[in-house]
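Report on the following structure.
The values are calculated or read from the model by the stated rules, or taken from the named source; none is laboratory data. From a predicted model like this one, the values you see are computed outputs, not experimental measurements. A quick note on method: Cβ atoms are made from the backbone with ideal geometry, for glycine too, and the neighbour counts reach across all protein chains shown. The area values use the complete protein model at the heavy-atom level, side chains included, leaving out ligands, DNA and RNA. Shrake-Rupley method; radii C 1.70, N 1.55, O 1.52, S 1.80 Å.
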Amino acid sequence: MPRLLLSGGGSAEDSLLLDQLLVQLTAKGPMVYLPLALDPQQRPYASGYEWIGSVFTPLGLDHITMWSDVSAKTVDDLNPFAALYIGGGNTFKLLRDLKEARFDQVIRHFLHSGGIVYGGSAGAIICGRDISTASLLDRNDVGLEDATGLDLLQGASVWCHYQPTDDQQIRSFAERLQHPIIALDEKTGLYVQDDVVLAVGFEPVVVFHQDARRTFPPSSVVLIS
């Protein structure tokens, strides 16, 4: 029963409904936080851990462990936790680090074993089919050549920090990639359980195809295909 939560990348106030849902699903933890998308030269991982605590401790989830290196982490290490939170930052660095450590396989196993994964911004984008949708906001300074994500969304890719002015660019990506793109405003997100996708937040979720744009209001079922 894979359960996946994806946030468009806004503030704690923006993602409140999705965060509350995570706390409810996990019965208040425990949770692992991955800060790997951050550049530790510009923003230390410790600052990310402080931020995640400031978001979830007021909601009652205060058993949070940070892993700043997953190179030696296995399924057995992750299994005792109720949830894995993959934070935002540079999407290319994040995917590179996960693939080099083969932690992408650990994430898949965790999901299919009943664990819950929450992806915020970059953490949400890597759950899609292709992370090149992040290329307008993130630089590929790590030289990642394979932009294939975890592909957990029925073959769709994810666009975060969505604004209506992005529509033409998203349509161009949909045409080039030849698959749907789910656009998440900073005030909205997704909850995926098995094959059911729900819009969770304060703004609609928008799904782009090559020749169509469909809008799904909060609390509605999102149709991807």
Answer yes or no as to whether G29 is surrounded by 16 or more Cβ atoms within 10 Å (Cβ to Cβ), at pLDDT below 95 and touching a Leu at 6+ places or on another chain (Cβ under 7 Å).
yes
Can you tell which of D39, D76 is without any contact (Cβ under 8 Å) to a residue 24 or more places away in the chain and within 19 Å of A101 (Cβ to Cβ)?
D76
Across (1) open to solvent by 20 Å² or more (accessible area, probe 1.4 Å); (2) part of a loop (DSSP other than H, G, I, E, B); (3) of a type outside the set (D, E), V70 clears everything bar (1)
Only one of (1) of a type outside the set (S, T, Y); (2) closer than 30 Å to P80 by Cα; (3) within 14 Å of the chain's Cα centre (by Cα) fails for G115. Which number is that?
(3)
Of the residues in region 56-65 that are aliphatic (A, V, I, L, M) and crowded, with 18+ Cβ neighbours inside 10 Å, the one that is nearest to Y33 (Cα to Cα) is I64
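Among the residues of region 123-141, is there at least one that is farther than 25 Å from Q210 by Cβ and within 16 Å of the chain's Cα centre (by Cα)?
Just the residues of region 123-141 that are farther than 25 Å from Q210 by Cβ, to begin with: 123, 139, 141.
Subset that is within 16 Å of the chain's Cα centre (by Cα): 123.
Yes, region 123-141 contains a residue that is farther than 25 Å from Q210 by Cβ and within 16 Å of the chain's Cα centre (by Cα).
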So L18 fits all but one of (1) on the phi < 0 side of the Ramachandran plot; (2) touching a Ser or Thr at 6+ places or on another chain (Cβ under 8 Å); (3) not in a helix (DSSP H, G or I); what number is the exception?
(3)
S47 vs (1) more than 23 Å from P2 (Cβ to Cβ); (2) without any contact (Cβ under 8 Å) to a residue 12 or more places away in the chain; (3) open to solvent by 60 Å² or more (accessible area, probe 1.4 Å): all pass except (3)
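Tell me, please, whether a residue that is part of a loop (DSSP other than H, G, I, E, B), under 18 Å from the mean Cα position of the chain (by Cα) and on the phi < 0 side of the Ramachandran plot can be found in region 46-57. Reasoning before the result, please.
First, the residues of region 46-57 that are part of a loop (DSSP other than H, G, I, E, B): none.
No: region 46-57 contains no residue that is part of a loop (DSSP other than H, G, I, E, B), under 18 Å from the mean Cα position of the chain (by Cα) and on the phi < 0 side of the Ramachandran plot.
Going by the conditions given, is G189 on the phi > 0 side of the Ramachandran plot and in contact with a strand residue (DSSP E or B) (Cβ under 6 Å, 6 or more places away or on another chain)? Step through it out loud before you land on a result.
On the way: on the phi > 0 side of the Ramachandran plot: no; in contact with a strand residue (DSSP E or B) (Cβ under 6 Å, 6 or more places away or on another chain): yes.
Answer is no for this residue.
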Scanning region 188-211 for residues that are aliphatic (A, V, I, L, M) and either assigned to a loop (DSSP other than H, G, I, E, B) or open to solvent by 40 Å² or more (accessible area, probe 1.4 Å) (or both) gives V196, L198
Which condition number in (1) open to solvent by less than 10 Å² (accessible area, probe 1.4 Å); (2) outside any strand (DSSP E or B) is the one that L4 fails?
(2)
Looking at A82, A101 in this structure, which one is over 23 Å from G149 (Cβ atoms) and in contact (Cβ under 8 Å) with a residue 24 or more places away in the chain?
A82
